[in-house]
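The values are calculated or read from the model by the stated rules, or taken from the named source; none is laboratory data. Since the model is a prediction, treat every value here as computed from it, not as a measurement. Here the Cβ positions follow ideal geometry from the backbone for every residue, glycine too, while neighbour counts run over all protein chains shown.
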Amino acid sequence: MSRKYYAIIDVGSNTMRLVIYLRDKGGRLREIENVKAVARLRNYLLSNGTLSDQGIQKLITTLNSFEEVTSSYELEEMVCVATATIRQATNQTEILHRVTNETDFHMRILSEHEEAFYGYLAVVNSTPISEGITVDIGGGSTEVTYFKNRKLIESHSFPFGALTLKQDFFKRDLPTEAEFSELRHYLLEEFHSLPWLRDRKVPLIGIGGGARNLVQIDQNLKEYPLAGLHQYKMKDSDLSFVKNYLFTLPMKKLQKVEGLSKDRADIILPATEVFHSLYDTVQAAGFILSRKGLRDGVFFEQLTRDMGTSVFPNVLEESIQELINDFELNIAQIHHVQHLAYELFHQLHEKGIGSLTKEDWTEVKRASYVFNLGEYIDNESSSQHTFYLLANRTIDGLMHIERLRLALLASFKNKTIFKQFLNPYKKWFLKSERKKLRLLGALLKFCYSLDSTRRQTVQDLYVASHDGELHITVYCTGDWMPEEYQSEKQKKHLEKALKRSIELSFVEQEAEMV
């Protein structure tokens with residue numbers, strides 16, 4: 001299949017960015033190149049509302065630089081969009097004319113509603129959140145939306161961003177306490193002017209560079225052990241701590257803070273206050289970062305033109321399918337093992353063994369899709385590769401704690417290795433949760449051993465309980481010797497987790513049915 005490349009240029013008030021995507025086998029876009037230029041076009045907007053000649057030249061020069069990159073790809077599609085500064089410039093026509101004549105690009109100026117809509121679209125197509133408030137703070141505007149049942153309900157664009165707030169409220173690069181207090185008062189007033197923002201008690205989802213830097217700082221301060229920023233969650237106390245920490249630093253130290261881009265050092269405080277004031281207004285149920293934003297939203301719309309809807313039916317299913325494609329997993333085996341796991345799980349549940357719940361089955365089924373996928377890299381250390389890949393790869397539709405749980409189940413090999421993988425995250429789980437994860441991992445591994453040769457020899461199973469001992473009758477077609485050997489070898493992990501001995505009986509299915 002020929003490689004299909006797509007590109008988007010986002011002309012923002014603070015930064016301009018070029019992103020190149022490669023469309024994979026499943027139709028998803030994978031980012032392969034990301035070029036950023038800190039143009040700060042907002043600083044070239046004059047008091048009469050026009051973008052200065054110097055500002056236009058900065059825009060053209062940066063776009064010409066981007067052309068050098070795009071010319072090395074055969075692009076299926078090239079999109080160039082501009083936001084607040086160009087939108088607010090009174091000489092838009094001149095700017096568009098010069099861009100068309102002096103570059104290879106045709107620039108589209110997004111309306112306030114479009115800018116907010118694309119942020120919302122990126123969030124609902126890349127996270128599991130069905131109701132929330134999104135906030136995207138740029139250099140010259142701040143977009144907020146409210147969505148419910150994954151449908152956009154409200155949107156608004158405030159005519160202020162990190163750059164304009166700094167210019168309007170701070171006399172120097174860093175604010176005084178009085179200036180910071182005045183900024184907070186102003187933001188709370190602005191946010192409270194929208195009734196649909198107040199006391200929603202839903203997640204607040206941050207989009208864009210300011211939110212990304214805030215999360216990176218929080219992760220560095222905590223020495224966070226998992227990789228990835230997308231779908232990372234912070235609490236009110238985390239936001240307060242980071243804000244107060246940054247406020248105490250002089251500019252030289254601020255520029256060296258781990259996780260903070262040097263070019264954002266002078267605007268991180270106004271950006272952080274926007275998130276914190278909005279969090280308080282919404283009475284939010286956590287602050288969550290979406291690494292997918294306006295650029296991704298634009299392409300989600302492009303890619304779904306023929307679907308009748310721009311919202312994907314199920315974000316997590318799309319991600320699981322991507323993993324199946326990437327690691328060439330055997331879908332026939334997956335479905336067969338799921339059938340066996342369903343039977344074993346539900347028969348144990350019916351007998352009240354293992355304190356199993358509906359949520360537990362959801363996790364087992366999810367992990368069954370990607371069990372032992374590290375075998376793709378190396379058979380001998382497949383468990384280690386499985387855990388590392390799943391724990392440290394962004395999986396749209398799974399929050400970080402859910403991704404870690406998936407990694408622990410799908411990589412289960414034995415109690416010792418399970419505890420080794422779990423150790424850095426031990427405090428994240430109650431003792432009862434750790435025991436349950438170990439049980440679910442052992443159950444899944446046992447079911448995979450029942451199809452060790454991938455022939456679907458084991459067709460079904462029946463669980464009986466006598467005097468605290470489990471008797472599992474395994475119904476087979478054809479020769480079952482390899483499956484019997486593997487399952488006898490693996491049942492000890494399930495026995496230890498359930499604290500019950502297990503006796504296996506392999507029988508011919510047809511003969512048994514007669």
| request: Return the total of residues in the range 5-37 being surrounded by fewer than 16 Cβ atoms within 10 Å (Cβ to Cβ) and in a loop (DSSP other than H, G, I, E, B). | output: 4
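Conditions tested, residue by residue: (1) modelled with pLDDT of 95 or more; (2) outside any helix (DSSP H, G or I); (3) closer than 16 Å to I268 by Cα.
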position	(1), (2), (3)
W196	yes, no, no
I205	yes, yes, no
V215	yes, no, yes
L229	yes, yes, no
Y245	yes, no, yes
| field | Residue in the range 137-147 that is among the acidic types (D, E) and part of a helix (DSSP H, G or I) present | value | no
| task | Kindly indicate whether Q420 is assigned to a helix (DSSP H, G or I), under 24 Å from the mean Cα position of the chain (by Cα) and among the polar types (S, T, N, Q). | result | no
| said: Condition first: at pLDDT 95 or above, in contact with an Asp or Glu (Cβ under 6 Å, 6 or more places away or on another chain) and either in a helix (DSSP H, G or I) or on the phi < 0 side of the Ramachandran plot (or both). Can you find one or more residues in the range 335-347 that meet it? | reply: yes
| remark: Looking across the range 451-495 at residues that are touching a residue at least 60 places away in the same chain (Cβ under 8 Å) and surrounded by 16 or more Cβ atoms within 10 Å (Cβ to Cβ), the single one that is nearest to R438 (Cα to Cα) is H493
| said: With the requirement that a residue be out of contact with any Phe, Trp or Tyr (no Cβ under 9 Å at 6 or more places or on another chain), within 17 Å of G397 (Cα to Cα) and not polar (S, T, N, Q), what does the range 109-136 give you? | reply: G119, P128
| task | For the range 297-311, enumerate the residues that are at pLDDT 80 or above and either under 19 Å from Y5 (Cβ atoms) or not in a loop (DSSP other than H, G, I, E, B) (or both). | result | G297, V298, F299, F300, E301
| message | Can you report the number of residues in the range 71-106 which are closer than 20 Å to G138 by Cβ and part of a strand (DSSP E or B)? | response | 4
| request: Kindly indicate whether G478 is small (G, A, S) and either closer than 30 Å to N314 by Cβ or in a strand (DSSP E or B) (or both). | output: no
| said: All but one of (1) in contact with a helix residue (DSSP H, G or I) (Cβ under 6 Å, 6 or more places away or on another chain); (2) in contact (Cβ under 8 Å) with a residue 60 or more places away in the chain; (3) outside any helix (DSSP H, G or I) hold for T394; state the number of the condition that does not hold. | reply: (1)
